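One structure is given here, and the rest of the page talks about it.
Each value in this text was obtained by applying a stated rule to the coordinates, not by laboratory testing. Owing to the predicted nature of the structure, the values given are computational and were not obtained by experimental measurement. Don't worry about glycine lacking a Cβ; one is built from the backbone with ideal geometry, like all the others, and counts go over all protein chains shown.
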Amino acid sequence: MTRFDTGDQAGVTCRTFPCDRLSLAVRQFNEGHYFECHETLEDLWIEERSAIRDLYRGILQIGIGLLHWRNGNFKGACSLLRGGSTYVEPFSPVCRYIRVDTLLEAAGEFLGELEALGPERMTEISRDIVPRIEWVASEEGGR
């Protein structure tokens, strides 16, 4: 059992089914609407009082890192991809029905490729490795 399974404030745990706004944020992220995802998750993050807020913060930062990459900001992309991964890592492998482990793996692969290409060639990164958020089946919903 991890600290996220113990039911901190308001009984919020990783096993809690995702709310509609989290589902919307995941859809926005996966569609490449990273700014909109940021806005949705920021509202959840501000309202949340439990440790789960770091999951929201991490996904938000990974998304904004991808927005920076898309906008040509190499330093901002690398920084936020790295920072966001640090925030979500304690929630791996699964939290709120999100496959945190695969998000971490994808973000790490993307960051590694981005750093290997450098700022001059960052636009050459394959769109096939842009991180996406995956859901798990309801039976696997928490740790």
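Side notes on the structure shown:
- Net charge of Cβ neighbours under 13 Å - reference GLU42; Lys, Arg +1; Asp, Glu -1: -2
- Using C-alpha pairs under 8 Å with a sequence gap of at least 6, the mean separation divided by the residue count of the chain gives a relative contact order of 25 percent.
- Cut-off 12 Å between beta-carbons: net charge of the residues surrounding GLY72, Lys and Arg +1, Asp and Glu -1: +2
- Cysteines in the chain lacking a second Cys C-beta under 4.7 Å: CYS19, CYS37, CYS78
- Förster radius 22 Å - calculated FRET efficiency between GLU89 and ALA137 (Cβ-Cβ, nearest 0.05): 0.45
- In degrees, nearest ten, helix 100-121 long axis to first principal axis of the chain (Cα): 20 degrees
- Cα-centre dipole for region 17-140 with unit charges at Cβ (Lys and Arg positive, Asp and Glu negative), debye to 20: 240 debye
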